[in-house]
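See structure below.
The values are calculated or read from the model by the stated rules, or taken from the named source; none is laboratory data. These numbers were taken from a predicted model, which means no experiment stands behind them. Note that we place each Cβ from the backbone using ideal geometry, even for glycine, and neighbour counts take in every protein chain shown.
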2 protein chains.
Amino acid sequence: MKPRDENKINEIYKATLNLVKASGLAGITMQMVAKEAGIATGTLYIYFKNKEALINALFDVCIRSSASTFFSNYDPAQPFKIGFHTIWLNIVHRRVTHFNESIFIEQCFHSPFIDEESKVRLRKIFEPLLHLIERGKKEHLIKDIDTTWLLSLMVGAINEIAKRTMYYHIKLTSEILEANFQLCWDGIKA
Amino acid sequence: MKPRDENKINEIYKATLNLVKASGLAGITMQMVAKEAGIATGTLYIYFKNKEALINALFDVCIRSSASTFFSNYDPAQPFKIGFHTIWLNIVHRRVTHFNESIFIEQCFHSPFIDEESKVRLRKIFEPLLHLIERGKKEHLIKDIDTTWLLSLMVGAINEIAKRTMYYHIKLTSEILEANFQLCWDGIKA
DNA sequence: AAGTTAAATGAATAATTATTCAGTTAAAAG
DNA sequence: CTTTTAACTGAATAATTATTCATTTAACTT
């Protein structure tokens with residue numbers, strides 16, 4: 001028998017992400033995805049039951065691989081600011097290097113494909129960060145206001161940094177990164 | 001002759017915004033829009049040439065009405081921080097009270113409907129804010145880094161505040177608003 | 001090397017959705 | 001009150017897009 005070319009799934013994912021970045025979830029068709037992935041339309045349906053299944057599987061993959069990068073090199077035993085800086089940098093890096101993934105996740109959040117359960121799963125991947133913020137409050141290093149607002153500043157700013165970086169083709173030097181981290185830090189620090 | 005019910009256009013816009021908030025640009029059909037607006041499908045085509053025209057017209061309306069609120073009560077003659085606070089509050093207020101509009105604009109930005117020209121027009125509405133930021137830098141009140149990053153923190157955080165407020169059904173008291181403004185201000189201040 | 005099995009193809013079909021249009025209604029003009 | 005005109009309707013049609021399937025291809029097994 002002929003084995004599946006497992007790499008084909010990655011090609012399909014890559015194609016989908018690129019197309020969604022270019023023209024949104026509303027702008028993709030299965031034919032476009034197949035063509036972009038360099039396969040026949042019918043082949044898509046060997047790997048995915050239907051369009052919804054493709055989008056959901058990709059959403060899941062995006063969440064999982066994002067999560068794995070957000071906390072790499074993060075050691076809860078280190079001082080708060082070190083840990084916070086590590087995670088901040090990781091998220092910025094991911095958002096910029098996987099910009100089409102960021103757009104895809106954003107689009108999925110308001111789409112007919114993704115159910116409430118998946119949205120909850122997306123929120124869950126930020127939990128370690130949530131705990132770190134709580135710790136920072138206990139150590140009186142950051143402001144004692146509801147964690148959701150501290151996260152708003154951090155995550156919201158990061159999303160916007162990624163968008164501007166990509167839209168305006170900016171090269172993120174470490175000077176720029178540190179300046180942006182400083183903005184965030186000055187905002188949340190006690 | 002029978003005159004056009006000009007209010008119908010608003011119903012169509014409202015219907016579109018509500019549907020897009022619920023299931024994204026990818027999730028709407030002209031039939032759904034018509035039904036939600038309480039009119040026949042054919043009637044839609046009296047007011048809009050086609051789907052693309054509807055989306056584009058609505059995008060334009062959203063941009064224009066947003067712009068008009070962002071700078072209401074803003075007087076460039078006032079001290080920097082007062083002006084900045086006014087605009088900050090205006091944008092937060094607009095994003096929350098017109099949340100479906102915010103989602104619509106976000107979705108349009110990566111869609112097959114909106115052209116580059118409209119995107120530029122969207123960026124233009126922030127220009128008075130851009131000038132205010134430049135002024136703040138000249139007066140040494142805020143950090144001397146590229147305006148785009150100062151805006152990232154402000155606008156990014158605001159977008160995230162609006163999302164969390166709506167997703168978690170939070171009531172924005174003036175205490176919460178002021179605490180959030182403080183986060184932003186501490187971030188950008190010199 | 002022949003046989004077997006599943007992947008791969010892409011044109012055909014099914015399903016969905018955009019758009020039209022013949023008929024109906026309602027407001028305004030005369 | 002009648003006529004006129006354009007809005008309005010929603011079923012019919014056109015266009016697009018998802019999905020299937022008969023056929024071909026390629027890899028593995030014996």
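Which of (1) more than 8 Å from chain A (Cβ to nearest Cβ); (2) without any contact (Cβ under 8 Å) to a residue 60 or more places away in the chain is the odd one out, the single condition residue B:166 does not satisfy?
With (1) more than 8 Å from chain A (Cβ to nearest Cβ); (2) without any contact (Cβ under 8 Å) to a residue 60 or more places away in the chain applied to residue B:166, the lone miss is (2).
Identify all residues within the stretch B:60-83 that are closer than 19 Å to residue B:134 by Cα and touching a helix residue (DSSP H, G or I) at 6+ places or on another chain (Cβ under 6 Å); write none if there are none.
Scanning the stretch B:60-83 gives B:70, B:71, B:74, B:80, B:83.
Of a type in the set (S, T, N, Q) and away from DNA strand C (no atom under 16 Å from the Cβ): is that true of residue A:23 in this structure?
Judged against the criteria, residue A:23 is not a match.
Applying the selection to the stretch B:107-125, what residues are free of Cβ contacts under 8 Å to residues at least 40 places away in the same chain and crowded, with 18+ Cβ neighbours inside 10 Å?
Of everything in the stretch B:107-125, those that are free of Cβ contacts under 8 Å to residues at least 40 places away in the same chain and crowded, with 18+ Cβ neighbours inside 10 Å turn out to be B:109, B:110.
All but one of (1) without any contact (Cβ under 8 Å) to a residue 24 or more places away in the chain; (2) farther than 22 Å from residue B:121 by Cα hold for residue B:81; state the number of the condition that does not hold.
It fails just one condition, (1).
Table: residues versus (1) touching a strand residue (DSSP E or B) at 6+ places or on another chain (Cβ under 6 Å); (2) crowded, with 17+ Cβ neighbours inside 10 Å; (3) not charged (D, E, K, R).
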site: B:98; (1), (2), (3): no, yes, yes
site: B:128; (1), (2), (3): no, no, yes
site: B:136; (1), (2), (3): yes, yes, yes
site: B:143; (1), (2), (3): no, yes, no
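If you scan the stretch B:22-68, which residues turn out to be within 11 Å of DNA strand D (Cβ to nearest atom), loosely packed, with under 15 Cβ neighbours inside 10 Å and among the charged types (D, E, K, R)?
The one that is within 11 Å of DNA strand D (Cβ to nearest atom), loosely packed, with under 15 Cβ neighbours inside 10 Å and among the charged types (D, E, K, R): B:35.
Can you tell me which residue within the stretch B:31-54, out of those that are under 19 Å from residue A:110 (Cβ atoms) and near DNA strand C (Cβ under 10 Å from one of its atoms), is nearest to the chain's Cα centre (by Cα)?
The selected residue is B:54.
For the stretch B:6-14, indicate whether the set of residues that are outside any helix (DSSP H, G or I), in contact (Cβ under 8 Å) with a residue 24 or more places away in the chain and outside the structural domain of residue B:126 (by TED's automatic domain parsing) is non-empty.
no
State whether one or more residues within the stretch A:165-172 are within 22 Å of residue A:83 (Cβ to Cβ) and either among the hydroxyl-bearing types (Ser, Thr, Tyr) or at pLDDT 95 or above (or both).
Within the stretch A:165-172, the subset within 22 Å of residue A:83 (Cβ to Cβ) is A:172.
Checking the rest, the ones that are also either among the hydroxyl-bearing types (Ser, Thr, Tyr) or at pLDDT 95 or above (or both) come to A:172.
Yes, there is a match, as at least one residue in the stretch A:165-172 is within 22 Å of residue A:83 (Cβ to Cβ) and either among the hydroxyl-bearing types (Ser, Thr, Tyr) or at pLDDT 95 or above (or both).
Need at least 1 residues that are under 14 Å from the mean Cα position of the chain (by Cα) and among the β-branched types (Val, Ile, Thr) per element, so show me which helices (runs of 4 or more DSSP H) inside the stretch A:80-190 make the cut, counting only ones lying wholly within it.
Once the helices (runs of 4 or more DSSP H) in the stretch A:80-190 are filtered for at least 1 residues that are under 14 Å from the mean Cα position of the chain (by Cα) and among the β-branched types (Val, Ile, Thr), what remains is A:80-97, A:99-109, A:147-167.
In this structure, is residue B:132 over 28 Å from residue A:171 (Cβ atoms), more than 9 Å from every other protein chain (Cβ to nearest Cβ) and aliphatic (A, V, I, L, M)? Break it down into steps so the answer makes sense when it comes.
Numbers: over 28 Å from residue A:171 (Cβ atoms): no; more than 9 Å from every other protein chain (Cβ to nearest Cβ): yes; aliphatic (A, V, I, L, M): yes.
No; evaluated as a whole, the condition is false for this residue.
Among the residues of the stretch A:15-59, write down those that are part of a helix (DSSP H, G or I), within 13 Å of chain B (Cβ to nearest Cβ), in contact with a helix residue (DSSP H, G or I) (Cβ under 8 Å, 6 or more places away or on another chain) and among the small types (Gly, Ala, Ser).
Matches in the stretch A:15-59: A:26, A:27.
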